[in-house]
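J.: Would you mind keeping the following structure in view while I ask a few things?
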Amino acid sequence: MIVLTLSGIMLSFGLAINSVLSSNGILNIMLDTEYLEKSENEAKTVLTHYMSDEKADKVLQKISTKSSIRQITEAFDNNNVGQVANNVRLDMKQAVLNSLEDNSRDDTKDKFATVVSDAYIKSIFPVTEVNLLSNIYSKIGTRLNLALIIISIVAIAIYIYLATGKKTYKWAIISLYNVIILNIILTLVLGTFNGIVIGNDRTTDVIIGMLNKIKINIVIATIITFAVSVISNYVAYFKKRKHSK
């Protein structure tokens, strides 16, 4: 019963996290929180600190902020966030160089373009943090998927074993109740993190969006577990009583 309860909790939480930690999962949350639009506005603000509005507009016509964010985010699965972000930075640097006057010194233009491109990348994406997360997930992602498969097999096997015994069926049902209760507690605990602030407002919104997505997935797992417990109760008690009459 204890093993089945722990398996159910780990399966619920593991699947909830696994569905969020991917390029598609992160990008969907960015779209939901309007991260791309807000970052586009921020990029324009940053560029106008270094050049005129007209030049900033011309540069941003050549380098799409939304496309840049998509490219960097899509590199999450391949653990290539840093490299793709650097490519975007180099493209921005070249776009800034092309916008400068020809009578300026080359070394001065290069230093200026480097400063602007670095500020641009920093304003649109938390490269260091996401790159670290991608690096960690690339090392445990395959193991996590394998672990979830093994846990699923173990949970199903234990449930079937307990359900086939007349005296042990109740332990299977109690385990399901335990999973439901612990999932509810876990959801409430995750809800306490809604007030956290990490980085700028856009990054914080994405992190909170990820937590909310995890909570929703756990709630879905809880509903499924509840449905299984109802069916189990019917089979274990009501159906047997019906046949006994």
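J.: Can you tell which of LEU100, PHE76, LEU6 lies farthest toward the positive end of the dipole of region 1-132, using +1 and -1 charges on the Cβ of basic and acidic side chains (Lys, Arg; Asp, Glu)?
T.: LEU6
J.: For region 150-225, what is the charge dipole size about the Cα centre, in debye to the nearest 20, if Lys and Arg each add +1 at the Cβ and Asp and Glu each add -1 at the Cβ?
T.: Computed about the Cα centre, the dipole is about 400 debye.
J.: Starting from 0.36 nm per residue, how many nanometres of slack lie between ASP57 and LEU190 once their C-alpha separation is accounted for?
T.: Net length gain for the segment: 43.7 nm.
J.: Quick one: putting +1 on the C-beta of Lys and Arg, -1 on the C-beta of Asp and Glu, what dipole do you get for region 39-121 around its Cα centre, in Debye to the nearest 20?
T.: In debye, rounded to 20, region 39-121 gives about 40.
J.: Using a 1.4 Å probe on the protein heavy atoms, what percent of the accessible area of the chain belongs to carbon and sulfur?
T.: That fraction is 62 percent.
J.: Along the positive direction of the dipole of region 113-242 (beta-carbon charges: Lys, Arg +1; Asp, Glu -1; about the Cα centre), which of VAL154, THR164, SER175 reaches farthest?
T.: THR164
J.: With +1 on each Lys and Arg Cβ and -1 on each Asp and Glu Cβ, how big is the dipole of the chain about its Cα centre, in debye rounded to the nearest 20?
T.: 2220
J.: How many nm separate the modelled label positions at ASN87 and LEU144, each set 7 Å beyond the Cα in the direction of the Cβ?
T.: Taking the simple label geometry, ASN87 and LEU144 are separated by 2.4 nm.
J.: Set the bar at 30 Å for Cα to Cα. Now go through LYS38/LYS139; LYS44/LYS215; LYS38/LYS111; LYS44/LYS109 and name every pair that lies beyond it.
T.: Among LYS38/LYS139; LYS44/LYS215; LYS38/LYS111; LYS44/LYS109, the Cα-Cα distance tops 30 Å for LYS38/LYS139; LYS44/LYS215.
J.: Whole number in Å², please: accessible area per residue of the chain, 1.4 Å probe, ligands, DNA and RNA not counted.
T.: Per residue, the chain has 58 Å² of solvent-accessible surface.
J.: Mind jotting down the distance between the C-alpha centroids of region 133-167 and region 192-223, whole Å?
T.: Computed from Cα coordinates, the inter-centre distance equals 24 Å.
J.: In percent, how large is the relative contact order of the chain, given Cα pairs closer than 8 Å and 6 or more residues apart?
T.: 32 percent.
The values are calculated or read from the model by the stated rules, or taken from the named source; none is laboratory data. All values reported here derive from a predicted model rather than from experimental measurement. Glycine gets a Cβ as well: all are built from the backbone with ideal geometry, and neighbour counts include every protein chain shown. Each accessible area value is taken on the protein alone, full model and side chains, heavy atoms only, with ligands, DNA and RNA left out. Shrake-Rupley method; radii C 1.70, N 1.55, O 1.52, S 1.80 Å.
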